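Engineer: Have a look at the structure that comes next, please.
The values are calculated or read from the model by the stated rules, or taken from the named source; none is laboratory data. Keep in mind that this is a model prediction, so the values were computed, not measured. Cβ placement follows ideal geometry from the backbone for every residue including glycine, while neighbour counts extend to all protein chains displayed.
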Amino acid sequence: MGSIMRRIAVVVLALAALLVGAAAPGTAVAPVAVIVADTAGVLDQNTLVPAVERIQFYEPTRVAVFTYNGTPADNLNEQVLKFARSTHPEWISPDGQKWADGLFIFALDPVGRHVGTYMGEDRKVSLEQRSDIQDASKELFRDAQWTDGTVAGIRRGAELINQPWYRSTAFLVTTWVLAGTAALGAAAWLIVRAVTRSGCRKQIERGDRSYSNVSMDLEVTELNAGTIPESSRYGSQVLEKHRTFLSKYAAATELSNQVHALGKRALSSRKNLKLARRFADSAAELDALDDVISDSNALLNRADTWPTAWDRQLAPFRKDLAGLEQLLAKRHGQGDSATATALRSFRDESLRDIERWTAGLAERRITPEEALDRLYSARSRLSELLENHAGTVIQGFARTDREARLMREQMETAHGGTDHRRQRTYEPSILGTVYPSYTFFSVATFNSGFNTGVSSVNSARGGGGTTGYGSSGGSFSGSGSSSSF
């Protein structure tokens, strides 16, 4: 490895000589202005504007953000040009044929599911780079994170617009090829170790937060467990989980000691990344369980804090009900289907049921166990309806049996929690503790499987963007394009 490190040093010195020899056209500057035209009403401008103002461009650039509620059939390029002509003529060059110099427009259609990028002639990039900018936002947009996705796209635009030659992909690729295969391999080795080390630290920080919460509440947790009624079906199952609580806490303590004893070099090991993840997962599981023990005691014994404990049991169900409309409004979400109608009807009925259950508990017309039974039945029914709707979505989007099978596999992977790329999560509720994690098919799980499935099918199909400005664009030929997500 010493020989490899010496080679790396030679490469780094050579690169440094090249970079020092380059002029300094890459000076970072903040946007000279940030204009937001959120006609779709989906952006948090209190978050967006400061975030964009902190982004550094290579040249002074005006950043405009435009959102519009369209349809999948719309041409976003045409809509952006129409809006600019009617509302912001200063976005267009004096001859009316191009976008104004110094301008970067980032556009979003959250309903039609389009994203677009447009630049003045002195800021334009290649079609491939425009696609790169749009792609930087799509994963977030698919999760309806409109503000974060917009920031991500603009940030990627800042990296590519007026990019100095020595930071271009072509230059970097050529330089590394000349540096030799050995240096490339060594550099990759260093990068992998750095990424692993960063991942280790993040997992340890996650574990520390949960472990600290558990440690501070340990005595209270034991007191709460001591008064949970064993005669209750739910109480007895929570107590069954609690019987291993202290042994799991001892195991988490041992893992904590191990990960905190790791030095910088040890943190770069894949083996120790797995160790750090084990620590974080075990601490998170305990953190969720001690909350459930507290809520079980309060709810099943009707303590003064039972309404708060009951609200926490309802929270996952309420979150699912609140997220249904956004799920159905997605592009390809089949919002006009019979299964969508069934979901909406169930949502409206369930919101009324929640009020009845809560009133029944308060007036002692139903027991806590009966309330939990009804909640279990409702969440199970929602799972069935979501599974039915998944079939509708797959049937509507997939063109072949192979595509349908691919989407179904992604849905099942998300539902079963077998996607090991995702961080394990624990639902801090009585039902989430008593029943396996795959018992309920949540809206978040549906979205995850849906997005991954659509992305996988689109990747298999291939795709492209739109560059024209439609029939109303006339002779306008400004640099810009849009694509779907």
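Engineer: Find all pairs meeting these conditions: Cβ atoms under 9 angstrom apart; at least six residues apart or on different chains; first residue within the stretch 295-310 and on the phi > 0 side of the Ramachandran plot; second residue in a helix (DSSP H, G or I).
Structural biologist: Matching pairs, first to second residue: 302/361; 302/368.
Engineer: Report yes if residue 42 is in contact (Cβ under 8 Å) with a residue 12 or more places away in the chain and within 28 Å of residue 164 (Cα to Cα), otherwise no.
Structural biologist: no
Engineer: Could we say that residue 318 is within 26 Å of the chain's Cα centre (by Cα), surrounded by fewer than 15 Cβ atoms within 10 Å (Cβ to Cβ), within 24 Å of residue 291 (Cβ to Cβ) and touching a residue at least 24 places away in the same chain (Cβ under 8 Å) here? Walk me through how you get there before you give the answer.
Structural biologist: Working: within 26 Å of the chain's Cα centre (by Cα): yes; surrounded by fewer than 15 Cβ atoms within 10 Å (Cβ to Cβ): yes; within 24 Å of residue 291 (Cβ to Cβ): yes; touching a residue at least 24 places away in the same chain (Cβ under 8 Å): yes.
Judged against the criteria, residue 318 is a match.
Engineer: Would you point out which residue out of 244, 169, 150, 196 is in contact with a helix residue (DSSP H, G or I) (Cβ under 8 Å, 6 or more places away or on another chain), modelled with pLDDT under 95 and of a type in the set (S, T, N, Q)?
Structural biologist: 196
Engineer: When you look at residue 262, is it among the hydrophobic types (A, V, I, L, M, F, W, C), in contact (Cβ under 8 Å) with a residue 24 or more places away in the chain and not in a helix (DSSP H, G or I), yes or no?
Structural biologist: Yes, satisfied.
Engineer: Check 273, 239, 255, 289 and return the single one that is surrounded by 13 or more Cβ atoms within 10 Å (Cβ to Cβ), more than 32 Å from the chain's Cα centre (by Cα), assigned by TED's automatic domain parsing to the domain that holds residue 216 and part of a helix (DSSP H, G or I). Let's see the steps before the verdict.
Structural biologist: Working: 273 fails: more than 32 Å from the chain's Cα centre (by Cα); 255 fails: more than 32 Å from the chain's Cα centre (by Cα); 289 fails: more than 32 Å from the chain's Cα centre (by Cα).
Checking each option against the conditions leaves just 239.
Engineer: Can I ask one more? How do the helices (runs of 4 or more DSSP H) wholly within the stretch 396-485 filter down when requiring 2 or more residues that are modelled with pLDDT of 80 or more and under 22 Å from residue 337 (Cβ atoms): which remain?
Structural biologist: Output list reads 401-416, 443-461.
Engineer: Does the stretch 203-236 hold any residues that are charged (D, E, K, R) and surrounded by fewer than 15 Cβ atoms within 10 Å (Cβ to Cβ), and which are they?
Structural biologist: Initial filter on the stretch 203-236 (charged (D, E, K, R)): 205-206, 208-209, 217, 219, 222, 230, 233.
205, 209, 219, 222, 230, 233, listed by residue number.
Engineer: Give me the residue from the stretch 336-363 that is assigned to a helix (DSSP H, G or I) and touching a His at 6+ places or on another chain (Cβ under 9 Å) and, out of that set, surrounded by the fewest Cβ atoms within 10 Å (Cβ to Cβ). It would help to see each step written out before you state the result.
Structural biologist: Filtering the stretch 336-363 for residues assigned to a helix (DSSP H, G or I) gives 338-362.
From what is left, the residues that are touching a His at 6+ places or on another chain (Cβ under 9 Å) are 339-340, 342-343.
Working: 339: 17, 340: 22, 342: 15, 343: 23.
Checked the stretch 336-363; the qualifying residue surrounded by the fewest Cβ atoms within 10 Å (Cβ to Cβ) is 342.
Engineer: Now, a different point. Look at the stretch 467-484 and say how many of its residues are buried (at least 18 other Cβ atoms within 10 Å of the Cβ) and more than 26 Å from the chain's Cα centre (by Cα).
Structural biologist: 5
Engineer: Would you check if there is a residue in the stretch 292-312 being within 26 Å of the chain's Cα centre (by Cα), of a type outside the set (Lys, Arg), in a helix (DSSP H, G or I) and crowded, with 21+ Cβ neighbours inside 10 Å?
Structural biologist: No, the conditions are met nowhere in the stretch 292-312.
Engineer: So, one more: Write out, first by first residue and then by second, each pair whose Cβ atoms fall under 9 Å of each other, whose residues are 6+ apart or on separate chains, and whose first residue, in the stretch 83-103, is more than 21 Å from residue 468 (Cβ to Cβ) while the second is part of a helix (DSSP H, G or I).
Structural biologist: Between residues of the stretch 83-103 that are more than 21 Å from residue 468 (Cβ to Cβ) and residues that are part of a helix (DSSP H, G or I), the close pairs are 90/84.
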